[in-house]
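A.B. asks: Dropping a structure here in structure tokens format, bear with me for questions.
Readers should treat all values here as calculations from the given coordinates under stated rules, not as data from a laboratory. Keep in mind that what you see is a predicted model, and the values were worked out from it rather than measured. Backbone-built Cβ (ideal geometry, glycine too); neighbour counts: all protein chains shown.
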Amino acid sequence: MKQLLIGNAAVARGLYEAGCSVFSSYPGTPSTEITEFAAKYDEIYCEWAPNEKVAMEVAFGASLGGKRSACAMKHVGLNVAADPLFTLSYTGVTGGMVICVADDPGMHSSQNEQDSRHYAIAAKVPMLEPSDSAEAYEFAKKAYDISEKFDTPVFLRICTRIAHSQSIVETGDRAEKQAIPYKKNPAKYIMMPGNAKKRHPIVEKRTLDLTEFAETCEFNKVEMGGTDVGIITSGTCYQYVKEVFGDSVSVYKLGLIHPMPVNALKEFASKVKKVIVVEELDGIIEAHCRNIGIEVEGKEKFTNIGEFSQKTIADVFGKDAKASTSIETEIPGRPPMMCAGCPHRGMYYVLAKNKVTVLGDIGCYTLGAVPPLSAMDSTLCMGASVSGVHGFNKAGLEATEGKTVAVIGDSTFMHSGVTGLINIAYNGSNSTVIILDNSITGMTGHQQNPTTGYNIKGDPAGKINLEALCHSIGINRVTVVDPYDLEECERVLKEELAAKEPSVIISRRPCVLLKYVKPKTPLKVNPDKCRSCKKCMKFGCPAISIKNGKAFVDATLCVGCEVCKQLCPFDAFESEVQA
Amino acid sequence: MAVTSVMIVGVGGQGSLLASKLLGKLLVDEGYDVKVSEVHGMSQRGGSVVTYVRFGDKVYSPVIEEGEADFIVSFEKIEAARWIKCLKKGGKVIVNTQQIDPMPVIIGAAEYPQAVLDEIKGAGVDVDDIDALSLAQQAGSAKAVNIVLMGRLAKGFDIPYENWIKAIENSVAPKFVEMNKKAFELGYNCK
């Protein structure tokens, strides 16, 4: 069937048709929908794991058990899963295993711009990179054959522009794969030094075999055109090159980007006058070409920062800019922000008001960092708020204790916050951790997690009790507050900061965007009562603005959380009584 | 056929995703090669959102760059201005005159540039500004702004009216079909 699919759906379809049976992932933009689409197929057991390391190890276990398995993650998630990855390269697989990793050049929704191709090289694991949805589908499907033929996990690398672009895919049917019966094989699967030493040469031989495979494999394509310039490229950059040049240049398109061929690239280079490498992020293809003695131009022309487009390439090649219209008026930015009625806002307001130092984390609540609340001091990676506040307080002692908190979401806490909290309990720092429990993984688009009580299919599942978990670690002071109650939040915050022992505050209220959370009647401002003090503007609610000097509530945005009511010294916010 | 490029721009939560879905599906059914690209993530939280739709005999790049868009469909007044540099000379802007204040305006750090559409018109751009929100409400739901704007866009396309209607029937839940057909018609025929 011919259909328009986003890259992520195409990947899921390809894996499905190839007989994928077990799929475990942690959500992360732009990779999330791969697993969400996979979960729509009943033949695949699919789950959200607490983090990417767990997910990859689940996929390993399923492969060991003889089934075709997969996991998906964003580029920074691969850092979390790096530990199993490097040794999985040594053990190889029983059933085929595909690791989908989505990079985010341009950092549309990420904290860094790392290039996952380095992992393929470092871990000596083959990596495929499609250039549109049709290839995402095709490569995902064929990745399992490479995995089983060469006894290795296989990377499928995509970037945001592939993950979230739709193009036409011709889909087929699923081929059911019989499980390969499990056979005990300690020399292959128990990576003690004695065994691992024997596996390493096998890995090196495998890379040589894969390099040989790369010379003629169907994933790499030569498109000869004009021979003044030959371009070596891969992924979405291929599309930009074709957009600019059509057939006026020759192109070597790499689909298998690790390991890369040697002779095939040399042959291509010999047919053109000049070779230019076009690749986003780091100069990896370029370095390979230079290593094998091909003279190329690459990163001296193209930046290793940000996302490319056809314009990037046209500009580098000195093509004339396309005629366009420009205006002088400066358009105010429209940054993302916490939604009207977001339960995180109340807690951030209290933190800002009390001038608390906040070590933040990764999620919707990172938006607490933006004005007017500006209630955050650091954001590093998943879980770093909890570990970080411990270190901050060990360094600052009395100077920072009682004035500093960690802020982390429920899903992020499950991902890697809990280990930091164990460290706080074990090594005893006088730290306060606030878990913003909105009962969902919000930023990535509402995925279930171990605290929500539901699994990826929306069926009831095991539910981790945060209070009991914190207590069992050894945190004696665990308090639950409602972030819509500012007075209560402030009282508890002050108490816990003053306490001379570790403490956890669970700020609990479900995300307003959840379907079961019904909005209440929007508030109205009584202009006679509003004295234009603008105290409500310090709250940063997108539903509140100043119109004609008075506060004004946009009824299309307001969900009636009534927190602004608690802020107004003049009772100007009124709940409208519906007739 | 040469590639036609349509940019759909607006504010997170306005329903531009459904518009691009409808348009993409219709264009595939019409037999074109189609690419649609959008960026999710942070932009869903009330940020500026942009979707690219490109179609023709063969489409390579999924993105639209400076001076390349044949049409910009804007769900909000200043979002049209934000992306105007992407419009091709002779291209057309369809804009919903709804105003949604961004956070810098809300907190008083910036002014909402009220006259920006006049500036664009003054620069010789063909601007078709309509009150899509009122038309959507007239059709039965403020959420139908996206379909009103698709109706307006349809006027500039060589695709039969009934094919658009068929695409609506295939894209929205049955109970909303009539309302959306009305919204489409109001967008198509207004002014």
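A.B. asks: Using 0.36 nm per residue, how much length does the chain from A:Asn185 to A:Ser378 gain when fully extended, once their Cα-Cα distance is taken away?
C.D. replies: Numbers: separation 193, 0.36 × 193 = 69.48 nm, distance 4.66 nm.
Full extension of this stretch gives 64.8 nm more.
A.B. asks: Note down the nm distance, to one decimal, between modelled labels 7 Å out along Cα→Cβ at A:Lys515 and at A:Lys273.
C.D. replies: Label-label distance for A:Lys515 and A:Lys273, simple model: 6.2 nm.
A.B. asks: Any idea how far apart A:Asn476 and B:Glu119 come out in nm if each label point goes 7 Å out from Cα toward Cβ?
C.D. replies: Distance between label points: 6.3 nm.
A.B. asks: Tally the DSSP beta bridges in chain B and give the antiparallel ones as a percent, rounded to 5. Present the calculation step by step, with values, prior to reporting the outcome.
C.D. replies: Details: 14 of 28 bridges.
So the antiparallel bridges amount to about 50 percent of the total.
A.B. asks: Also: Could you state the number of Å between the C-alpha centres of the stretch B:84-151 and the stretch A:125-155?
C.D. replies: 44
A.B. asks: Please find the FRET efficiency linking B:Val177 to B:Ala2, where r is the Cβ-Cβ separation and R0 is fixed at 35 Å, and quote it to the nearest 0.05.
C.D. replies: Values: r = 33 Å, r/R0 = 0.96.
For B:Val177 and B:Ala2, the calculated efficiency is 0.55.
A.B. asks: Show log10 I(q)/I(0) for chain B at q = 0.11, 0.18 Å⁻¹, two decimals, from a solvent-free Debye sum over equal Cα scatterers.
C.D. replies: Each listed q maps to, in turn, -0.46, -1.27.
A.B. asks: Charges on Cβ only, +1 for Lys and Arg, -1 for Asp and Glu, centred on the Cα centroid of the protein assembly as shown; of A:Gln447, A:Val203, B:Pro102, which one is farthest towards the dipole's positive end?
C.D. replies: Towards the positive end, the residue furthest out is A:Gln447.
A.B. asks: Next question, about the same structure. How far, in nm, would the chain grow between A:Lys40 and A:Lys266 when pulled straight, counting 0.36 nm per residue and subtracting the alpha carbon separation?
C.D. replies: Contour length minus Cα-Cα distance gives 76.9 nm.
A.B. asks: Which entries in the list A:Lys529/A:Lys550; B:Lys21/B:Lys143; A:Lys242/B:Lys89 go over 20 Å, if you measure between the two C-alpha atoms of each? All intermediate terms of the calculation are to be shown ahead of the outcome.
C.D. replies: Numbers: A:Lys529/A:Lys550 10 Å; B:Lys21/B:Lys143 15 Å; A:Lys242/B:Lys89 23 Å.
Violating the 20 Å Cα-Cα cut-off are A:Lys242/B:Lys89.
A.B. asks: Would you kindly calculate the mean projected area, averaged across all directions, of the convex hull enclosing the Cα atoms of the protein assembly as shown, in square nanometres?
C.D. replies: About 35.0 nm², averaged over all directions.
A.B. asks: Quick check on the stretch A:305-446: of the DSSP beta bridges with both residues there, what percent are antiparallel, nearest 5%?
C.D. replies: Antiparallel bridges make up about 0 percent of those DSSP assigns within the stretch A:305-446.
A.B. asks: A follow-up question, please. Pairs of lysine in the stretch A:168-237 with Cα under 25 Å and at least 8 positions apart or on different chains: total?
C.D. replies: Step by step, the pairs that qualify in the stretch A:168-237 add up to 12.
A.B. asks: Cα centroids of the stretch A:438-467 and the stretch A:291-358: how far apart, whole angstrom?
C.D. replies: If you average the Cα positions of each part, the centres end up 31 Å apart.
A.B. asks: Between A:Asn112 and B:Glu169, what is the spin-label point distance in nm, taking each point 7 Å from the Cα along the Cα→C-beta axis?
C.D. replies: A separation of 5.4 nm, rounded to one decimal place.
A.B. asks: Compute the signed sum of charges (Lys and Arg +1, Asp and Glu -1) over the other residues within less than 14 Å, Cβ to Cβ, of A:Ile544.
C.D. replies: Local charge sum for A:Ile544: +4.
A.B. asks: Report the antiparallel proportion of the DSSP beta bridges in chain A as a percent, rounded to a multiple of 5.
C.D. replies: Bridges in chain A are about 25 percent antiparallel.
A.B. asks: Which three extents, in angstrom, do the Cα atoms of the stretch A:67-124 have along their principal axes, listed largest first?
C.D. replies: Rounded to whole Å, the extents work out to 37, 21, 15 Å.
A.B. asks: A follow-up question, please. If the cut-off is 30 Å between C-alpha atoms, which lysines fall inside it for A:Lys500, apart from same-chain ones fewer than 8 positions away?
C.D. replies: Cα-Cα hits under 30 Å: A:Lys353, A:Lys355, A:Lys394, A:Lys403.
A.B. asks: If you project the alpha carbons of the stretch A:48-157 onto the principal axes, what extent comes out on each, in Å, largest first?
C.D. replies: Answer, in whole Å and largest first: 38, 30, 27 Å.
A.B. asks: Going toward the positive end of the dipole of chain A, with +1 on Lys and Arg Cβ and -1 on Asp and Glu Cβ, which of A:Ser116, A:Cys289, A:Gln239 do you reach last?
C.D. replies: Ranked along the dipole, the leading option is A:Ser116.
A.B. asks: While we're looking at this one, here's another question. If each DSSP helix of 4+ residues adds -39,500 (n - 2.57) and the sum is divided by the residues in chain A, what number results at 222 nm, nearest 500 deg cm²/dmol?
C.D. replies: Per the formula, -10000 deg cm²/dmol.
A.B. asks: Gap in Å between the Cα centre of the stretch A:226-289 and the Cα centre of the stretch A:97-118?
C.D. replies: A separation of 21 Å, based on Cα centres.
A.B. asks: For a Förster distance of 25 Å, can you work out the FRET efficiency between the beta-carbons of A:Thr303 and A:Ala82, rounded to the nearest 0.05?
C.D. replies: Computed FRET efficiency for A:Thr303 and A:Ala82 comes out at 0.40.
A.B. asks: Test of the criteria: in the stretch A:354-460, which trypsin sites (Lys or Arg not before Pro) are in a DSSP loop and have at most 16 other Cβ atoms within 10 angstrom of their Cβ?
C.D. replies: Here the sparse-neighbourhood loop sites are A:Lys355, A:Lys403, A:Lys457.
A.B. asks: While we're looking at this one, here's another question. What does the net charge come to around A:Lys299 if you take all other residues with beta carbon closer than 10 Å to its beta carbon, with K and R at +1 and D and E at -1?
C.D. replies: Once positives and negatives cancel, what remains is -4.
A.B. asks: Could I ask something else about it? Cut-off 17 Å, label point 7 angstrom out along Cα-to-Cβ of B:Lys155: give me the residues of the stretch B:109-124 whose amide nitrogen falls inside.
C.D. replies: B:121
A.B. asks: Project the alpha carbons of the stretch A:1-69 onto their principal axes and report the range along each, largest first, in whole Å.
C.D. replies: Its Cα atoms span 35, 26, 15 Å along the three principal axes.
A.B. asks: Using a 10 Å Cβ count of at most 14 others and DSSP loop calls, identify the longest part of chain A lacking such GluC sites (Glu not before Pro).
C.D. replies: A:331-575
A.B. asks: Continuing with the same structure: Could you give the dipole magnitude of the stretch A:74-184 about its Cα centre, charging the beta-carbon of Lys and Arg +1 and that of Asp and Glu -1, in debye to the nearest 20?
C.D. replies: Computed charge dipole of the stretch A:74-184: roughly 440 debye.
A.B. asks: Efficiency by 1/(1 + (r/R0)^6): what FRET value for A:Glu330 and A:Lys565, r their Cβ-Cβ distance, R0 = 30 Å, to the nearest 0.05?
C.D. replies: Taking R0 as 30 Å, the efficiency between A:Glu330 and A:Lys565 is 0.30.
A.B. asks: Lys and Arg at +1, Asp and Glu at -1: add these up for the other residues within a Cβ distance under 9 Å of A:Thr171 and post the number. Could the numbers behind the result be given before it?
C.D. replies: Values: positive: A:Lys2, A:Arg13; negative: A:Glu17, A:Glu170, A:Asp173.
Net charge around A:Thr171: -1.
A.B. asks: Pull up the cross-link candidates among the aspartates and glutamates for A:Lys142, meaning alpha carbon to alpha carbon under 19 Å and not fewer than 8 places away within one chain.
C.D. replies: Output for A:Lys142: A:Glu17, A:Glu43, A:Glu129, A:Asp132, A:Asp151, A:Glu170, A:Asp173, A:Glu176, A:Asp209, A:Glu212, A:Glu215, A:Glu218.
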